[in-house]
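Structure, as structure tokens:
Where a number appears in this text, it was derived from the coordinates with a stated rule and is not lab data. Computed from a prediction, not measured in an experiment: that's the story for all the values here. Cβ sites come from the backbone with ideal geometry, for glycine too, and all protein chains shown count toward neighbours.
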Amino acid sequence: MVLTASTDTSQTRRPFDRLAVVIVVVGVGAFVVRGLNRILYPVLYAEDGAQFFSGAVDRGVDALVTPFAGYLHVFPRLIALVASPLPFTVAPLAYVLAAVAAYLAVASIVLSSRLAWLLPTPRVRAIAFLLLCLFPPLTEAYGNIANLIFVGGVGLVLVALCDDPQSLRGRVFEIAVVVVLATSGPVVVMILPMYIARWWRAGRTRHSATVLGAALVSAAIQIAVYLSSERSTEGGGSLGTLVRSASERVGGVWLFSTNDLFGPDGPVIAKIAAALWISVAVAVIVVALGRAAVAPLVTFVLILAVVTNAYGNSFVSGPIVLGRHLMTPLAIIVLLLVAAAARSRLRWVTIVATVCLVAGLYGMIASFLLVGYLDPSDMQRLQDCHDLGRTTCVTPIYPPGWFVQLAP
């Protein structure tokens, strides 16, 4: 079915509202089912234990502003702090449930009527929510707080696309959300063009200026933390790598759920399909949305440029590695395609945008069920060791080579 914006009348609103509710419920259910293996068999994943769990236990509130890997990570550290009074054996499940709830909460921003200028009806916004729940590039990010900084990037994009809240409570809450998400990883720096565009689109209101200011200050803090850190990456990005990342990684993950088809010996047809998809998607977005697409597409390019500059060819070298970096760029393209399909008065544009979205069906199906992890940890032993005040308490966690180490 082609996505089209419905006329907003009293006779049509109620059925579409009911349908929107059904779509949202299906989206939530599908998202939970996708990760049942990780929910039923929870583990502390990488930085979940090595940084955030140990930081909350050892340093408490001070851990909130402790940099890691060159950035602040307020969002995951806040979850770890809230969960720190729980028994250690409960922590893996608490983290998984918190991560699932956090993703659904972030994705639910797209349901707000404050995006009606872009996604005009509840049904259209519900479809966008469903697509975010079926998102292919969730292999790394699902069910752990270590990768919530990338979920936060999607949230920052959605907030930037919103109009101003009407209530004082809503305005205060929105500023708080921006601050928490923007001080959780570096992506806010690349999303700044969208916050400038929001300020302009909203009529340069005081609140939109405040939101922009919060994003700018948070970005400045993250840049300062990064510059004062010792983080280094292999680098080596190029224009060719940037183009490949847009085609093979963003286009590839939407069409095929992976990019392992794009090696030197990979089928040429897969490369052509991915390049064609991203090219047509961007073209139809520009035709349908015009100036409204400029800031999001600039952000799309900036994110990929920064990632490819940081990681070089390794960003396009494997099927899973660094896939978490695809979440925000792909979310931008998918959201704009939904808007193009719903808003355009040109039927051919609506059809092409819808085809681009439907082309992701295989990718969504192939990536639907996420694998669980083997848990090597002994959290009860870690708890006993810590309670006895021993010098060093250690347990291995997933993936191999990672561990939790607590101070006495």
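Given a Förster distance of 25 angstrom, what is the FRET efficiency for Ser238 paired with Tyr362, based on the Cβ-Cβ distance and rounded to 0.05?
Details: r = 30 Å, r/R0 = 1.20.
Computed FRET efficiency for Ser238 and Tyr362: 0.25.
Would you calculate a helix-derived [θ] at 222 nm for the chain, using -39,500 (n - 2.57) for each DSSP H run of n ≥ 4 and dividing by the full residue count, to the nearest 500? Show your work: numbers first, answer last.
Values: 18 runs with 236 residues, N = 408.
Value at 222 nm, helices only: -18500 deg cm²/dmol.
Rank these for me by crowding, Trp199, Trp348, Trp117, Trp254, going from fewest to most other beta carbons within 10 Å. Please report the intermediate quantities before stating the final value.
Working: Trp199 21, Trp348 10, Trp117 15, Trp254 28.
Going from sparsest to densest Cβ surroundings: Trp348, Trp117, Trp199, Trp254.
Work from the charge dipole of the chain (Cβ charges, +1 for Lys and Arg, -1 for Asp and Glu, about the Cα centre) and give the residue of Phe53, Val268, Leu119 farthest towards its positive end.
Leu119
Quote the FRET efficiency, to the nearest 0.05, computed for Ala407 versus Ala116 with a Förster distance R0 of 51 Å and r equal to the Cβ-Cβ distance.
Rounded to the nearest 0.05, the efficiency is 0.50.
Under 10 Å, Cα contacts only: if you run a Gaussian network model on the chain, which one of Ser167, Ser247, Ser232 comes out with the highest mean-square fluctuation?
Checking each option, the largest mean-square fluctuation is seen for Ser167.
List the cysteines in the chain whose Cβ has no other cysteine Cβ under 4.7 Å from it.
Cys133, Cys162, Cys356 - these cysteines have no disulfide-compatible partner (Cβ-Cβ under 4.7 Å) in the chain.
Pick from Ile397, Ile221, Ile272 the residue whose mean-square fluctuation is largest in a GNM of the chain, springs joining Cα atoms under 10 Å.
Most flexible of the set in this elastic network: Ile272.
Sequence-distant or interchain residues sharing an amide H contact under 5 Å with Tyr398, placed H: which?
Amide H neighbours of Tyr398, under 5 Å, 5+ apart: Leu44, Ala46.
Of Ala359, Leu369, Ser232, whose Cα points farthest to the positive end of the dipole of the stretch 232-369 (charges on the beta-carbon: +1 Lys, Arg; -1 Asp, Glu; origin at the Cα centre)?
Ala359
Assign one of three labels to the stretch 171-215, namely rounded, prolate or oblate, based on the Cα gyration tensor with a ≥ b ≥ c the square roots of its eigenvalues; rounded applies when a/c is under 1.5, prolate when it is not and a/b is larger than b/c, and oblate otherwise.
Cα axes put the stretch 171-215 in the oblate bin.
Using amide H atoms built in the peptide plane, which far-off residues or other-chain residues are under 5 Å from Gly143 H to H?
Answer set, sorted by chain and number: Val100.
Obtain the nm distance between the two label points defined at His386 and Val294 by a simple spin-label model: each point lies 7 Å from its Cα along the Cα-to-C-beta direction.
5.2
Could you calculate the contour length gain from Ile351 to Val21, that is, 0.36 nm times the residue separation minus the distance between their Cα atoms, to one decimal place in nm?
Length difference between fully extended and current span is 116.3 nm.
Relative contact order for the chain using alpha-carbon pairs under 8 Å, separation at least 6, rounded to a whole percent?
Relative contact order for the chain comes out at 24 percent.
Taking R0 as 35 Å, what's the FRET efficiency between Val33 and Val287 from their Cβ-Cβ distance, rounded to 0.05?
0.45
State whether the stretch 9-113 is rounded, prolate or oblate according to the following rule on the C-alpha gyration tensor (a ≥ b ≥ c being the square roots of its eigenvalues): a/c under 1.5 gives rounded; otherwise a/b larger than b/c gives prolate, and the remaining case gives oblate.
Working: a/c = 3.43, a/b = 2.08, b/c = 1.65.
Verdict is prolate for the stretch 9-113.
Pull up the DSSP beta bridges for the chain and report the antiparallel fraction as a percent, rounded to 5.
90
Within the set of other residues whose C-beta is less than 15 Å from the C-beta of Gly240, count the net charge using Lys and Arg as +1 and Asp and Glu as -1.
Counting the neighbours of Gly240, the net charge comes to +2.
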